[in-house]
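The values are calculated or read from the model by the stated rules, or taken from the named source; none is laboratory data. None of the values given here were measured: they were computed from a predicted structure. Quick reminder, even Gly has a Cβ in these numbers, built from the backbone with ideal geometry, and neighbours come from all protein chains shown.
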Amino acid sequence: MKTRDEALALLHRYTESESLRKHALAVEQAMRASALRMDGDPDTWGLAGLLHDFDYEKYPAADQHPYVGSKILEEEGWDESLRRAILGHATYTGVPRDTPMARALFACDELCGFLTACALVQPSKSIHDVKPSSVKKKLKDKAFARGVNRDDIHQGAAELGVTLDEHIEFVLGALREKAAELGLEGMSSRTE
């Protein structure tokens, strides 16, 4: 099994954008939490989250991402189940999400991006101040975080067999655990 350090090195080799690196860390965190909830291996699931978009910055076209990344992972000896989950996170690949890890990766990816956007528009810039009700309201606003595919967010929750409310709450909770590392601690108004 490959290590997180190897995954981080690969991510940093192909991804210079700090926001894309933080997105990878956010999806890693959501995947680790999902693994614990769904009896998966947190290390493997976390690696899938960390690497799902590592090729995106250099190969963003739909005929390249995530295919180029999958080929690189294969050449470097990464696990096949991890590679299939990464391929399946992009609906246009046609790769079925036939494992819990693949379904979780699809469900967490777009939602992590959306929740990050929701945090960054808070006056505090903190994920701790994001309310699930405001997330649902912002999902209806097509002008907000327009690059996020709302259909994928809804479909992801459905594929996990949970309500959208449950999924939002769960992923919010996961991201709050690593808020500082994700750049989402902000100037939180909470008192502890």
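Quick notes on this one:
- If the condition is being among the acidic types (Asp, Glu), part of a loop (DSSP other than H, G, I, E, B) and either crowded, with 23+ Cβ neighbours inside 10 Å or modelled with pLDDT under 95 (or both), then region 26-71 contributes 53, 55.
- Pick from region 98-123, criterion without any contact (Cβ under 8 Å) to a residue 60 or more places away in the chain and among the charged types (D, E, K, R), ranking: nearest to residue 183 (Cα to Cα): 110
- Filter pass, residue 78 being of a type in the set (Phe, Trp, Tyr) and part of a helix (DSSP H, G or I): no
- Answer residue from region 138-192, given it is among the β-branched types (Val, Ile, Thr) and either without any contact (Cβ under 8 Å) to a residue 24 or more places away in the chain or touching a Pro at 6+ places or on another chain (Cβ under 7 Å) (or both) and is surrounded by the fewest Cβ atoms within 10 Å (Cβ to Cβ) among those: 191
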